[in-house]
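The values are calculated or read from the model by the stated rules, or taken from the named source; none is laboratory data. Note that the coordinates shown come from a computational prediction; the quantities given were computed from them, not determined experimentally. Methodologically, a virtual Cβ is constructed for each residue, glycine included, from the backbone with ideal geometry; neighbour enumeration extends over all protein chains shown. Accessible surface is based on the protein model in full, side chains and every heavy atom, while ligands, DNA and RNA are left aside. Shrake-Rupley method; radii C 1.70, N 1.55, O 1.52, S 1.80 Å.
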Amino acid sequence: MEVNAVVWFRKGLRIHDNPALDRARRGATKVLYPIFVLDPRYLERDRDAFSPGSARAGLGRIQFLLESLTDLDKSLRRLGSRLVVLRGGDPAEVLVRVLKEWNVGKLCYESDTEPYGQARDARVEVFASAAGIEVFSPVSHTLFDPADIIRKNGGKPPLTYQSFVKLAGRPLPPIGQQFSALPPVGDLGEWEDVGVPTIQELGYGDVEFSPFRGGESEALKRMDEYLSDKEKVATFEKPKGDPSAFLKPATTVLSPYLKFGCLSSRLFYHRIQEIYVKAKKLTSPPVSLLGQLLWREFFYTVAFGTPNFDRMRGNEICKQIPWKDDDQLLASWRDGRTGFPWIDAIMVQLRQWGWMHHLARHSVACFLTRGDLFVHWEKGRDVFERLLIDSDWAINNGNWLWLSCSSFFYQYHRIYSPITFGKKYDPTGKFIRHFLPVLKDMPKEYIYEPWTAPLSVQKKAKCIIGTDYPKPVVSHEVANKQCRQKMGEAYALNSGGPSQVNDEKLVELRRKFDQEESTAADQGPKLKQKRLTT
């Protein structure tokens with residue numbers, strides 16, 4: 001029997017290896033509505049946010065989404081269809097209304113594992129079930145179904161990468177079949193296809209420069225270019241790679257395309273496997289390129305199976321640590337004004353490009369949390385979630401849990417120095433000079449520690465520290481020592497497990513840390529004065 005079908009795009013913004021689209025177009029389908037519903041939570045301007053954008057996303061990621069939708073629409077038009085873009089409030093409510101009005105018999109969409117997506121989809125499924133609408137929601141954003149992995153592990157997510165890999169096995173191959181046409185789009189009735197809006201039409205100004213453009217076409221092009229160097233693919237080894245390389249990044253830069261589903265992770269996996277089969281020399285997981293794809297899967301699985309994964313409180317796998325609540329330090333870090341050029345340049349790159357190398361992310365996340373500032377990882381997570389074009393709920397939270405030593409990784413004494421780490425890759429400071437032009441004339445001897453430059457050197461470089469560029473917000477040597485001590489005491493507090501740490505214990509330890517900081521601050525000027533008089 002002929003039916004009207006809807007394929008509902010959210011992520012999965014592609015034609016290739018798209019099981020939902022494939023199911024929707026197969027069979028005796030009379031008309032096919034490929035739709036995307038503009039979500040006001042994601043797109044409406046938030047004037048109170050610290051950067052241009054909505055309450056949920058910065059301008060860079062919104063622009064990347066719009067570019068991806070525009071590219072998807074072009075691809076659908078080549079197949080005799082088009083992307084129907086709707087607006088009208090909550091996406092679940094909009095979808096229920098069109099299912100009623102368009103006499104839809106089949107609804108297909110890619111499964112979503114994020115809490116917001118799960119709640120949204122559950123509302124739609126309740127209506128579809130009552131209305132007798134066939135629903136097909138395949139897992140295609142990830143290589144594996146997180147629920148399957150958790151079932152194999154006895155109902156709990158595996159908490160180590162190694163245990164996850166043993167359970168996962170090999171993913172299914174991508175859909176290889178190509179199709180040359182799609183059923184026509186039906187009558188929209190009272191609904192208007194508003195088309196993909198521009199940034200300006202959404203009420204924003206121009207977007208800051210970013211070298212990364214959204215869309216399936218760009219994703220496939222980038223993948224092909226990267227995979228063309230087969231030796232590099234076979235010998236890829238994380239954490240090796242230059243975090244200061246910016247004109248030609250030392251990594252794939254495919255993460256935003258995987259995040260929006262412009263690139264199928266299954267296609268990418270199997271293309272890499274084709275290279276591995278013929279390679280003479282190979283790196284192995286977890287440091288290999290396939291190993292990195294499996295890290296993505298690991299975080300998706302743990303996130304899916306862990307209540308409150310995106311917060312410290314109520315998260316059974318997260319150590320309870322009395323982080324500092326200091327909005328001034330947070331703003332200095334967020335806005336690239338810490339006085340540490342390596343940290344500040346990375347944060348400027350984040351704001352301008354919406355992306356930075358994974359080791360750069362490690363550097364600034366460690367600095368904010370257990371390395372120097374001892375600010376809550378959730379605060380840093382929120383900044384990344386807003387500004388990154390590849391911000392992915394599971395991976396972003398998983399990495400912040402890891403880098404703050406709140407979960408997964410516990411060697412808190414191992415830190416990324418805000419001075420020596422970047423210097424190892426970029427001794428002359430090219431990266432810093434590009435993203436912090438105020439320091440472009442600072443001699444290389446002082447580019448990572450400009451506060452140590454003599455005043456005469458600062459004047460010659462036209463950059464007076466404390467006036468043209470900030471002084472360091474902390475002494476790294478002192479702050480790092482204090483952070484290690486605090487982490488040691490917090491770990492001792494968690495010795496019986498995070499669930500045994502109540503609010504009273506956290507407040508008590510926080511009060512102790514504050515008192516120690518206050519005492520140290522009082523003693524600092526006295527010690528300095530004593531040294532001056534002797």
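With the structure loaded, tell me whether GLN458 is of a type outside the set (Lys, Arg), touching a strand residue (DSSP E or B) at 6+ places or on another chain (Cβ under 7 Å) and in a helix (DSSP H, G or I) or whether it fails that test.
Yes, satisfied.
Inspect all residues belonging to the range 199-206 and state whether any of them is closer than 30 Å to LYS424 by Cα and exposed (fewer than 12 other Cβ atoms within 10 Å of the Cβ).
No, the range 199-206 contains no residue that is closer than 30 Å to LYS424 by Cα and exposed (fewer than 12 other Cβ atoms within 10 Å of the Cβ).
Under the condition of being among the β-branched types (Val, Ile, Thr) and not in a helix (DSSP H, G or I), which residue from the range 116-139 is least open to solvent (accessible area, probe 1.4 Å)?
ILE133
Contact list please: Cβ distance under 6 Å, first residue in the range 281-310 and free of Cβ contacts under 8 Å to residues at least 24 places away in the same chain, second residue surrounded by fewer than 17 Cβ atoms within 10 Å (Cβ to Cβ), pairs at least six apart or on different chains.
Listed pairs, sorted by first residue: ASN308/GLY314.
Inspect the range 84-102 for any residue being closer than 27 Å to SER264 by Cβ and part of a loop (DSSP other than H, G, I, E, B) and give the result as yes or no.
No, every residue in the range 84-102 fails to be closer than 27 Å to SER264 by Cβ and part of a loop (DSSP other than H, G, I, E, B).
Looking at the range 390-430 only, could you name the residues that are farther than 17 Å from GLU378 by Cβ, open to solvent by less than 10 Å² (accessible area, probe 1.4 Å) and out of contact with any helix residue (DSSP H, G or I) (no Cβ under 6 Å at 6 or more places or on another chain)?
Hits for the range 390-430 are ASP426, GLY429.
Table: residues versus (1) hydrophobic (A, V, I, L, M, F, W, C); (2) under 30 Å from GLY291 (Cα atoms).
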position: ARG151; (1), (2): no, yes
position: ALA168; (1), (2): yes, yes
position: TYR204; (1), (2): no, no
position: TYR226; (1), (2): no, yes
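Regarding LEU95, is this residue crowded, with 23+ Cβ neighbours inside 10 Å, touching a residue at least 60 places away in the same chain (Cβ under 8 Å) and either on the phi > 0 side of the Ramachandran plot or out of contact with any Ser or Thr (no Cβ under 9 Å at 6 or more places or on another chain) (or both)?
yes
Name the residue that is surrounded by the fewest Cβ atoms within 10 Å (Cβ to Cβ), counting only residues in the range 295-328 that are polar (S, T, N, Q) and in a helix (DSSP H, G or I).
Step by step, filter the range 295-328, then rank; the result is GLN328.
Taking the condition of being assigned to a strand (DSSP E or B) and at pLDDT 95 or above, how many residues in the range 6-51 meet it?
Total satisfying the criteria: 9.
Any residue at all in the range 198-209 that is modelled with pLDDT of 95 or more, within 27 Å of LYS11 (Cα to Cα), assigned to a loop (DSSP other than H, G, I, E, B) and of a type in the set (Ser, Thr, Tyr)?
no
Can you name every residue in the range 279-318 that is among the polar types (S, T, N, Q) and out of contact with any Pro (no Cβ under 8 Å at 6 or more places or on another chain)?
Result: THR283, SER284, SER288, ASN308.
If you take the residues in the range 502-527 that are at pLDDT 95 or above and open to solvent by less than 70 Å² (accessible area, probe 1.4 Å), which one is farthest from ILE419 (Cα to Cα)?
Ranking the qualifying residues of the range 502-527, first place goes to LEU506.
Condition first: closer than 22 Å to ILE272 by Cα, in contact with a Leu (Cβ under 8 Å, 6 or more places away or on another chain), open to solvent by 20 Å² or more (accessible area, probe 1.4 Å) and touching a residue at least 60 places away in the same chain (Cβ under 8 Å). Now tell me which residues in the range 207-241 satisfy that.
Result: LEU220, PRO239, GLY241.
Looking at (1) out of contact with any helix residue (DSSP H, G or I) (no Cβ under 9 Å at 6 or more places or on another chain); (2) under 23 Å from TYR410 (Cα atoms); (3) surrounded by fewer than 20 Cβ atoms within 10 Å (Cβ to Cβ), which is the one condition that is false for VAL277?
Condition not satisfied by VAL277: (2).
Condition check: at pLDDT 95 or above and assigned to a helix (DSSP H, G or I). Does GLN411 satisfy that?
no
If you check LEU38, LEU21, LEU69, LEU43, which single one turns out to be under 30 Å from VAL207 (Cβ atoms), surrounded by 23 or more Cβ atoms within 10 Å (Cβ to Cβ) and of a type in the set (A, V, I, L, M, F, W, C)?
LEU21
From the set of residues in the range 467-478 that are assigned to a loop (DSSP other than H, G, I, E, B) and in contact (Cβ under 8 Å) with a residue 12 or more places away in the chain, which is surrounded by the fewest Cβ atoms within 10 Å (Cβ to Cβ)?
Result: LYS471.
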